[in-house]
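A short write-up of the structure that comes next.
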């Protein structure tokens, strides 16, 4: 597994994160919003990579936990005053983890295409719950009129009404999540999870319980996706049932594949690549009116080209490039 330890991957990841960190100093509202969306999606893709890249669990239902985390912002935010970032954020993680645990009790008993279908079914039930009922204004979605803040002893340290505060908070969360996941994957639990992915029968013979290992990973991924949804909803202060839809799960999988499955740094690369590609292809001043109107077609072609050209995604390409350059310089490839 490449994780983020390969020099080329680590260097590129550092450059991308520093670029995101620099946006508030030179960019306007649009650039800052795009950079924050990239970071939120990177956090979401990390939860997907934990399941697919390290656990071998291909899911089309991860957006359900993302959407629940977003709705947690709405449910836990007072209507006329700033709520607590900690209360809403921890609530979003808890809601995502609880939903993942309850669904995982059934889901992780299945494998392969059955796993995909069951996760998709649960996600669609969640979508229907918020779309067809008045829990949170139904299909119209709901607004959070006052975004949360972190206040200590009467002093506001972080206020999500400030796009800069939100951006740096999301950046910090992504960095912490990357560090925590590196430790997790390299821990005995992480080794067991990868062992279950490779051969669960052998792991069972060694005394491990593949079901409990998968369930724990599924629950942790749900908590991470819930946190990502909470932060994403804080950008515009708006939540809608589409945040639970299978399309968002598919988009997250595309990001994970683009960046490189089994590479935590790849989650950031994939999120940045897809979001920036979409923004560029939608801009008529850059690509012209025809392409901007039909931007899905060139985007699909570019994605297919990247997947075919770069085995292992962007992270895999960087690893091979770093090895090639090292060999040319006389180092060990």
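Quick check on this structure: which one of 102, 17, 50, 86 is within 19 Å of the chain's Cα centre (by Cα) and surrounded by fewer than 23 Cβ atoms within 10 Å (Cβ to Cβ)?
17
Results for (1) modelled with pLDDT under 85; (2) surrounded by fewer than 17 Cβ atoms within 10 Å (Cβ to Cβ); (3) touching a strand residue (DSSP E or B) at 6+ places or on another chain (Cβ under 8 Å), shown as yes or no for each residue.
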position: 283; (1), (2), (3): no, yes, no
position: 289; (1), (2), (3): no, yes, no
position: 302; (1), (2), (3): no, yes, no
position: 319; (1), (2), (3): yes, no, no
position: 323; (1), (2), (3): yes, yes, no
position: 326; (1), (2), (3): yes, yes, no
position: 332; (1), (2), (3): yes, yes, no
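May I ask you to verify whether residue 267 is within 13 Å of the chain's Cα centre (by Cα) and surrounded by 23 or more Cβ atoms within 10 Å (Cβ to Cβ)?
yes
Which of the numbered conditions does residue 236 fail, given that it passes all the others? Conditions: (1) in contact with a helix residue (DSSP H, G or I) (Cβ under 6 Å, 6 or more places away or on another chain); (2) closer than 26 Å to residue 146 by Cα.
So the condition that residue 236 fails would be (1).
Answer yes if at least one residue in region 145-154 is in contact (Cβ under 8 Å) with a residue 12 or more places away in the chain, crowded, with 18+ Cβ neighbours inside 10 Å and over 30 Å from residue 23 (Cα atoms), and no otherwise.
No, the conditions are met nowhere in region 145-154.
Consider residue 261 against the criteria (1) part of a helix (DSSP H, G or I); (2) modelled with pLDDT under 95; (3) under 20 Å from the mean Cα position of the chain (by Cα): it satisfies all of them except one. Which criterion is unmet?
(1)
Taking the criterion of being touching a strand residue (DSSP E or B) at 6+ places or on another chain (Cβ under 9 Å) and either surrounded by fewer than 19 Cβ atoms within 10 Å (Cβ to Cβ) or modelled with pLDDT under 95 (or both), would at least one residue in region 114-133 satisfy it?
Within region 114-133, one or more residues are touching a strand residue (DSSP E or B) at 6+ places or on another chain (Cβ under 9 Å) and either surrounded by fewer than 19 Cβ atoms within 10 Å (Cβ to Cβ) or modelled with pLDDT under 95 (or both).
Considering each of 215, 224 in turn, give the residue that is crowded, with 19+ Cβ neighbours inside 10 Å and modelled with pLDDT of 95 or more.
224
With respect to residue 46, determine if the residue is within 26 Å of residue 279 (Cα to Cα) and either assigned to a helix (DSSP H, G or I) or at pLDDT 95 or above (or both).
yes
Within region 135-163, which residues are in a loop (DSSP other than H, G, I, E, B) and either under 23 Å from the mean Cα position of the chain (by Cα) or over 21 Å from residue 80 (Cβ atoms) (or both)?
Hits for region 135-163 are 141, 144, 147, 148, 153, 160, 161, 162.
For residue 80, are the conditions met, namely being surrounded by fewer than 19 Cβ atoms within 10 Å (Cβ to Cβ) and more than 19 Å from residue 213 (Cα to Cα)?
It is true that residue 80 is surrounded by fewer than 19 Cβ atoms within 10 Å (Cβ to Cβ) and more than 19 Å from residue 213 (Cα to Cα).
Would you mind finding the one in 65, 60 that is in a loop (DSSP other than H, G, I, E, B) and in contact with a helix residue (DSSP H, G or I) (Cβ under 6 Å, 6 or more places away or on another chain)?
That would be 60, the only listed residue that is in a loop (DSSP other than H, G, I, E, B) and in contact with a helix residue (DSSP H, G or I) (Cβ under 6 Å, 6 or more places away or on another chain).
Tell me which residues, restricted to region 199-210, are free of Cβ contacts under 8 Å to residues at least 12 places away in the same chain and either over 17 Å from residue 112 (Cα atoms) or in a helix (DSSP H, G or I) (or both). Before the answer, list the steps.
Of the residues in region 199-210, the ones free of Cβ contacts under 8 Å to residues at least 12 places away in the same chain are 199-207, 209.
If the condition is that a residue be free of Cβ contacts under 8 Å to residues at least 12 places away in the same chain and either over 17 Å from residue 112 (Cα atoms) or in a helix (DSSP H, G or I) (or both), then 200, 201, 202, 203, 204, 205, 206, 207, 209 are the ones that fit.
The values are calculated or read from the model by the stated rules, or taken from the named source; none is laboratory data. Quick caveat, the model's predicted, so the values are computed rather than measured. Cβ sites come from the backbone with ideal geometry, for glycine too, and all protein chains shown count toward neighbours.
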